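Shown next, in structure tokens, is the structure this report addresses.
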Amino acid sequence: MSSRIPLAYNPKVLELFRNPKNLGKMENPDAEAVAGSLACGDMIAVYLRIDGKTQTITGAMFESYGCAANIAASSIMTVMAKDKTLKEAWKISWKNISDELGTLPTIKAHCGILAVGALRRAIRNYFKDRERPAWIPEGPTADERHAVEEERLLEVLSKRAKRIEGELAKEEEEEKTG
Ligand code: FES
């Protein structure tokens, strides 16, 4: 019998995990971002359809390679972002997402931060070839720094993996000689 204690997910998280809204790849999005969590190594992609005249998000979709909490958080994030202006969507915080989900277990906060960080990265990407509005700070926000680009994630994870391999090899060596 497994001794694993299941995480206390509430019914809304479980429902969105089982039947996520807006899951899938969007064809020809107006903005997109792929981001990974430094906390766990999971990744998500966010796609936005944007009305350029009103700067309103008319559609939002996601793909997640994360956990149940991330799938639920990403799903609710796309629901919350739809019909908001880019400026309004920028203000969505992981706390808003957690509240909307009826709270996430504390150890799963980073899964919501990943969803928000990826949304912000997608919004920032939209302005890559356009004039950046004043409400987007020049440098990355904390959420964006926790939801890093794929290359950076791979770099950090491979460094971690090498460190672990080194520690294991050292232990093996000590066991042999000790
Ligand atoms: S544990 Fe990685 S996104 Fe939740």
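For the range 11-149, calculate the relative contact order in percent as a whole number, restricting contacts to Cα pairs under 8 Å that are 6 or more residues apart. Write out the running numbers ahead of the final one.
Details: 256 pairs, mean separation 39.8, N = 139.
Contact order relative to length: 29 percent.
Evaluate Rg over Rh across the chain, taking Cα atoms for both radii and Kirkwood's formula for Rh.
Numbers: Rg = 18.6 Å, Rh = 17.4 Å.
Dividing the radius of gyration by the Kirkwood radius yields 1.07.
Between residue 23 and residue 128, what is the label-to-label distance in nm when each label sits 7 Å out along the Cα-to-Cβ direction?
2.8 nm
Which of 111, 67 has the fewest other C-beta atoms within 10 Å, and how do the rest follow up to the most?
Numbers: 111 29, 67 19.
Ordered by Cβ neighbours within 10 Å, fewest first: 67, 111.
Compute the helix-to-body angle for 150-177: its Cα long axis versus the longest principal axis of the chain, expressed 0 to 90° and rounded to tens.
Long axis of 150-177 versus the principal axis of the chain: about 10 degrees.
Only sites in a loop by DSSP and with at most 16 other Cβ atoms within 10 Å count here; which GluC sites (Glu not before Pro) in the range 74-178 make the cut?
Numbers: sites: 88, 100, 131, 138, 144, 149, 150, 151, 155, 165, 167, 171, 172, 173, 174, 175; in loops: 131, 138, 149.
Hits after loop and neighbour filter: 131, 138, 149.
For the chain, find the longest principal axis of its Cα atoms and tell me its angle to the long axis of helix 109-126, 0 to 90°, nearest 10.
50 degrees
How much of the pair distance distribution for the range 85-178 lies past 16 Å, counting alpha-carbon pairs only, in percent?
Working: 2904 of 4371 pairs.
Value for the range 85-178: 66 percent of Cα pairs lie more than 16 Å apart.
So which chymotrypsin sites (Phe, Trp or Tyr not before Pro) in the range 74-178 are both in a DSSP loop and have at most 15 other Cβ atoms within 10 Å of their Cβ?
On the way: sites: 90, 94, 126, 127, 135; in loops: 127, 135.
Those satisfying the criteria are 127, 135.
Measure nothing fancy, just the Cα-based angle from helix 68-81's long axis to the longest principal axis of the chain, in degrees from 0 to 90, nearest 10.
Long axis of 68-81 versus the principal axis of the chain: about 10 degrees.
Can you figure out the FRET efficiency of residue 87 with residue 162, using R₀ = 41 Å and their beta-carbon distance, to the nearest 0.05? Numbers along the way, then the final one.
Numbers: r = 42 Å, r/R0 = 1.02.
Efficiency for this residue pair is about 0.45.
Using only DSSP helix segments of four residues or longer, with each worth -39500 (n - 2.57), what per-residue ellipticity at 222 nm results for the chain after dividing by its residue count and rounding to 500?
On the way: 7 runs with 86 residues, N = 178.
Calculated at 222 nm, the ellipticity per residue is -15000 deg cm²/dmol.
Estimate the FRET efficiency between residue 152 and residue 12 by the formula 1/(1 + (r/R0)^6), using the beta-carbon distance for r and 45 Å for R0, to the nearest 0.05. All intermediate terms of the calculation are to be shown ahead of the outcome.
Working: r = 32 Å, r/R0 = 0.71.
Efficiency for this residue pair is about 0.90.
Where a number appears in this text, it was derived from the coordinates with a stated rule and is not lab data. The structure presented is a predicted model; accordingly, all values stated were derived computationally and were not measured. Using ideal geometry, Cβ is built from the backbone for each residue, glycine included, and neighbour counts are taken over all protein chains shown.
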